[in-house]
Structure formats: C-alpha cells, structure tokens
Amino acid sequence: MAAACAVTAAAALLPLAHAAPESGRAGGVHQPLSQAVAPAAPADTCKDPEASLRPSDVDGATIARIKAAGKLVAGVDQNSFRWGYRNQSAEGRLDGFDIDLVKAIAKDILGDENAVIYRAIPTSQRVPALQEGRVDIVVRTMTINCKRLEDVAFSTAYFEAGQQVLVPKMSLITGYDSSLKDRRICTAAGSTAEAALKSQSYGSVSVSVPNQLDCLVRLQLGEVDGIITDNALAAGQAAQDPSVRLVGSPFTQEFYGVAMNKDAGDLVRRVNKVLENYRAGGPDSPWMKAYRKHLEPVLPGVTAPPAPKYREG
C-alpha cells in the first residue's frame, strides 16, 4: 500500500513545460442500504446545458490569434490514468483520451497535433485559467453544467459519465447512501462531486482537496474513508490500485465538454466541427479508436460517443 501511494504521489509532482504568458484581452493567453436519488446540482436549471453552438470552420479572432501564436494552449490533467497522465512506458509523455482530443483540435487548427503547450491545472483552477486567459481550452474531464456556463463556454459533449463512490475493498460503505454517515469523504474542490456532497451529505464529513488524485493518496494513507468522483476517473484509479473498488451505482448523469472562454465563440464552433469529424465513422471513428486504446480496458461497454446537441446563437 505504501508503495502504491508513493508511486501515485510521485506522478502528481511531475512538472509540465510552461510558456511565456501573453497579456491582453479576455480569450488571449496569459500566464445496498437505500440507493440514493440523484441530488439536483446547484443552479442546474437552464435548458439543455449540453447544447452548444453549431459547428463551423470559419476563422474568427480567437482562431486567428492561436494561428499567429503557432501554438494551442491546453489546460489538462497529468494525474488521471487513461485520461490525462504521464505515461512512464512512453518516456513520461502525456497520454490519455483527453490528450488525444487536444491533439485532434491542434491538428485541425494548426495542421500539427504537436503544436500544443500543455498546462497542468488543478480541478479548482479550470474556470479561472480560462477567464484569466492562461489557456485557450480546458480538456480535463470537465462536466458541462448550468453553473459553469455562467463563466465559460462549452463544446458539445464528448463523453458521458456519472458520480460514484470509490472505497477500499473491505469498506462497509455500500454507495451514495446512509452508509456514508460519519465517514470522511473526499472530493476535489470545484468538482460536481463536491457540489453533490454539499447538497446531500448523508451525515458524512467532507474533505476537499485541490486535485482529484489527492483523494486517492489520502484514501491509500487511511486519511479518508471514501471518494466521490466521476466513475470514468475512478475506474482508472481502481485499475491502478487493486485495493480499491467502486460501490453502488452512478447517481448522476454527466457529460464532459471542452471548455473555452465565453468570448471565444469562433473557437467553440471550430472545436464542435472537430468533434463532428472525431465522432464520424462508427466503430472506426477517431473517437472509438481513442476509446478502445485508452478507456475500454477500465471502462468497458461503451459503444458510441454521446450525440451532440446544438442551439442557435
């Protein structure tokens, strides 16, 4: 157990390359007991939050700036196995389902999938990084919801997940239910898991950390009794650490989207165009190929990406 913890902690400390920030306007780049009923996420009252702008490959001001810079600046995770992580079998290069999507976006805009500056950002900094212009896009298992739409723009959904509970294999916790009472439950600050636990705690003691992987380290150290997170992320963690398991059923339905600055409508449309092409081709689509490569071993049974929803505007 100590060895597993040490490996996880070491991965969390690996640095990413940085680029000199650019000052200026927004959008520019600067530095079972009783199975639960899903709680309503705070502020999720807007209609069809997953509906995004219709796709277009027409260049606008944001696309022009990215082309002039010659680099796409992407906010990513480097600690989420199978999503965005340092692959030690590939000389420590960033790898994962989210990373493949970043490369597809860079390839479309700049003609080079490697024309990317990756910036590792904690869960709680995903929105500020976009608002402050430190990144062009965030591709980091980020759930689309109404509250976040007040601050950032999203692409159409590129993956469907749900919140679930991750615990040690011998735990008496059975899911998101009254078995959480008096247990220390860890969530990442600013995550939908944190919002769910605030809405319905079942008498648990909430522990908040900057990054979701920090929860796994704390679980391994015995500092918390369980974790609430996206089942898509938790499946990767369970694959890394055979001493933990998912319990209960997913109690939310959530969709990941590429997040961008609210003023970058041309970039939103361009990313949606990339996603249209990424989904196309059925079993041979780039999306399905990326799924089989990265996620099928830990999250089997997915047969297609979520269908896009669009809105006018």
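The values are calculated or read from the model by the stated rules, or taken from the named source; none is laboratory data. Keep in mind that what you see is a predicted model, and the values were worked out from it rather than measured. Cβ coordinates were reconstructed from backbone atoms using ideal geometry, including for glycine residues, and neighbour counts include every protein chain displayed. The accessibility values were calculated without ligands, DNA or RNA, using every heavy atom of the protein model including side chains. Shrake-Rupley method; radii C 1.70, N 1.55, O 1.52, S 1.80 Å.
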- [ ] Please get the size of the charge dipole for the range 99-227, origin at its Cα centre, with Cβ charges of +1 on Lys and Arg and -1 on Asp and Glu, quoted in debye to the nearest 20.
- [x] 300
Task: Rg over Rh, two decimals, the range 159-229 (C-alpha only, Kirkwood Rh) - done: 0.92
Task: Check: the chain dipole with +1 on Lys, Arg Cβ and -1 on Asp, Glu Cβ, in debye - done: 100
TODO: State the percentage of accessible surface on the chain attributable to carbon and sulfur atoms; use a 1.4 Å probe and exclude ligands, DNA and RNA.
DONE: 53
TODO: Alpha carbons only, please: Rg and Dmax for the chain, in angstrom.
DONE: 18.9, 57
- [ ] Compute the projected area of the convex hull of the Cα atoms of the range 159-301, averaged over all viewing directions, and report it in nm² to one decimal place.
- [x] 9.6
Open item on the list: Can you tally the net charge around residue 304? Count Lys and Arg as +1, Asp and Glu as -1, for every other residue whose Cβ sits under 11 Å from the Cβ of residue 304.
Closed with: 0
Open item on the list: Given a 1.4 Å probe and heavy atoms of the protein chains only, how would you sort 103, 181, 198, largest accessible area at the top?
Closed with: 198, 181, 103
- [ ] Quick one: which residues, 5 or more positions from residue 224 or on another chain, have an amide H under 5 Å from its amide H? H modelled 1.01 Å from N in the peptide plane, none for Pro or chain starts.
- [x] 219
Open item on the list: How much of the DSSP bridge set in the chain is antiparallel, in percent, rounded to the nearest 5?
Closed with: 60
Task: For residue 73, distant residues with modelled amide H under 5 Å away - done: 117, 136, 137
Task: Mean accessible surface per residue for the chain, computed with a 1.4 Å probe while every protein chain stays in place, in Å² - done: 43
Open item on the list: For the range 157-245, give me the percentage of DSSP beta bridges that are antiparallel, rounded to the nearest 5 percent.
Closed with: 45
